[in-house]
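A quick write-up on the structure given underneath.
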Amino acid sequence: MGLRINDTVPDFTAETDQGTITFHDWIGDSWAILFSHPKDFTPVCTTEFSAVAQLGDEWAKRNTKVIGVSVDSAEDHRKWKKDIEEYGKAAPGFPIIADDGLAVSKAFDMLPAEAYLPDGRTPADSATVRSVFIIGPDKQLKLSMTYPMTVGRNFAEILRALDGLQMTAKGVATPANWVPGEDVIIPPAVSNEEAKEKFGEFETIFPYLRKVKAPE
């Protein structure tokens, strides 16, 4: 059974290119994004890690820590980061977990329990290790998505989804294609009286669809 929304994510101790971490302690009171990939020195993932590095200030503004996970060694991660920085023109200051024993990949249900890494492996041997997990300060899974090896992840969308999650933590919902600054939705479980008391004036489009200015 894979992880479901609002499940507490697995805690683990692992080596990274920046030293040993215990995951829940590392998250602390922050939001966290764990993003994985099947192998170091691969083309699509190099572009993705560069995109994450370029968004360093944006993650910090949102009290969010990012961490990569790969089924290669910490030493390989340190070497690969040179390519990531050269490509993206931004230093990848986030850690990358060295999951060469597959413990993290299996704990997050990215690989079957019986999976192993053969000698001379290719990225295809760990292709399913290409997921994104957004985790709240309560250590619960808030969002997950998985991509094939050939399609680069859109980290602008991941940033937008993070904004949506942080907004909905205030008791509202977001409509399709929402971006910060736009109106949000009042959940149907909130009565009109409660909505007016909590949010002030709002727009009723249908009895079940009410929009209001996003709370601060």
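Return a whole-number percent for the relative contact order of the chain, with Cα pairs under 8 Å and 6 or more residues apart as the contact set.
22
Measuring from label point to label point, each 7 Å out along Cα→Cβ, what is the residue 168 to residue 211 span in nm?
Distance between the two pseudo-spin positions: 1.8 nm.
For the chain, report the accessible area per residue in Å² (1.4 Å probe, heavy atoms, rounded to an integer).
51
Considering the options 158, 141, 35, tell which one lies farthest towards the positive end of the dipole of the chain, charges being +1 on Lys and Arg and -1 on Asp and Glu at the Cβ, about the Cα centre.
158
By how many degrees, between 0 and 90 and to the nearest 10, does the Cα long axis of helix 74-88 differ from the longest principal axis of the chain?
60
For the charge dipole of the chain, defined by +1 on Lys and Arg C-beta atoms and -1 on Asp and Glu C-beta atoms about the Cα centroid, which residue among 110, 212, 96 has the Cα displaced farthest towards the positive pole?
The listed residue farthest towards the positive side: 212.
Report the extension gain between residue 7 and residue 151 in nm, rounded to one decimal, defined as 0.36 nm multiplied by the number of residues separating them, less their alpha carbon distance.
49.1 nm is the gain from fully extending residue 7 to residue 151.
Arrange the peptides 54-60, 176-182 so that the one whose residues have, on average, the most other Cβ atoms within 10 Å appears first.
Packing proxy ranking, top to bottom: 54-60, 176-182.
Based on the Cα atoms of the chain, what semi-axes does the equivalent ellipsoid have, where each is the square root of 5 times one gyration tensor eigenvalue, given in whole Å with the largest first?
36, 18, 15
Under the rule a/c < 1.5 gives rounded, and otherwise a/b versus b/c splits prolate from oblate, where does the range 17-75 land using the Cα gyration tensor?
oblate
For the chain, what is the percent of antiparallel DSSP beta bridges, rounded to the nearest 5?
Around 70 percent antiparallel, to the nearest 5.
Compute the long axis of helix 155-168 from its Cα atoms, compare it with the longest principal axis of the Cα atoms of the chain, and write down the angle in degrees, 0 to 90, nearest 10.
40
If you roll a 1.4 Å probe over the chain with all protein chains in place, what percent of the accessible area is carbon or sulfur?
Exposed carbon and sulfur together represent 52 percent of the surface.
Placing unit charges on C-beta atoms (Lys and Arg positive, Asp and Glu negative, everything else neutral), compute the dipole magnitude of the chain about its Cα centre in debye, rounded to 20.
In total the dipole reaches around 420 debye.
The values are calculated or read from the model by the stated rules, or taken from the named source; none is laboratory data. Computed from a predicted structure; not experimentally measured. Cβ sites come from the backbone with ideal geometry, for glycine too, and all protein chains shown count toward neighbours. Only protein heavy atoms, including side chains, enter the accessible area calculation; ligands, DNA and RNA are left aside. Shrake-Rupley method; radii C 1.70, N 1.55, O 1.52, S 1.80 Å.
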